[in-house]
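First up is the structure itself, then whatever we jot down about it.
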Amino acid sequence: MSKIKITLVKSAIDRPERQKLTLQALGLNKLNSTKEVEATPQILGMVRAVTHLVKVEQA
């Protein structure tokens, strides 16, 4: 599997609870925090749900 690098670039303040929980599940809790994860279908679906808050790069 390939890896992707996810960075939180916009705040989760004033966002729906579901989006906040998705960011928490991805391990992104502070602004500009970065995680490198496997690009599984589950992770890609979570990223798609919060794509307006994160930046995704191939790792």
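Since every read-out is calculated from the coordinates, none of them should be taken as a lab result. Predicted model, so just to flag it, every value in this text is computed and none were measured. Because the Cβ atoms are built from the backbone with ideal geometry, glycine has one as well, and the counts that use them run over all protein chains shown.
Take the conditions surrounded by 15 or more Cβ atoms within 10 Å (Cβ to Cβ) and not in a helix (DSSP H, G or I) and apply them to Ile43. Does it pass? No: the conditions fail for Ile43. The residue pairs whose first member lies in the range 13-39 and is free of Cβ contacts under 8 Å to residues at least 60 places away in the same chain and under 12 Å from Leu53 (Cβ atoms), whose second member is surrounded by 14 or more Cβ atoms within 10 Å (Cβ to Cβ) and charged (D, E, K, R), and whose beta carbons are closer than 8 Å, counting only pairs six or more residues apart or on different chains, are Leu26/Lys35; Leu28/Lys35. Within the option set Lys30, Lys5, Lys55, being assigned to a loop (DSSP other than H, G, I, E, B) and loosely packed, with under 15 Cβ neighbours inside 10 Å holds for one residue only, Lys30. Scanning the range 20-59 for residues that are of a type in the set (A, V, I, L, M), more than 14 Å from Lys5 (Cα to Cα) and out of contact with any Leu (no Cβ under 9 Å at 6 or more places or on another chain) turns up Leu21, Ala25, Ala49. Scanning the range 8-27 for residues that are of a type in the set (S, T, N, Q) and not in a loop (DSSP other than H, G, I, E, B) yields Gln19, Thr22, Gln24.
Cβ-Cβ distances below 7 Å connect the following pairs, each with a first residue in the range 43-59 that is within 19 Å of Lys30 (Cα to Cα), a second residue that is of a type in the set (D, E, K, R) and part of a strand (DSSP E or B), and a separation of six or more residues or different chains: Glu57/Lys5.
Yes/no matrix, rows are residues, columns are (1) basic (Lys, Arg); (2) more than 10 Å from the chain's Cα centre (by Cα); (3) at positive phi:
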{"residue": "Lys3", "(1), (2), (3)": "yes, yes, no"}
{"residue": "Lys10", "(1), (2), (3)": "yes, yes, no"}
{"residue": "Leu21", "(1), (2), (3)": "no, yes, no"}
{"residue": "Lys30", "(1), (2), (3)": "yes, yes, no"}
{"residue": "Ser33", "(1), (2), (3)": "no, no, no"}
{"residue": "Ile43", "(1), (2), (3)": "no, no, no"}
{"residue": "Gln58", "(1), (2), (3)": "no, yes, no"}
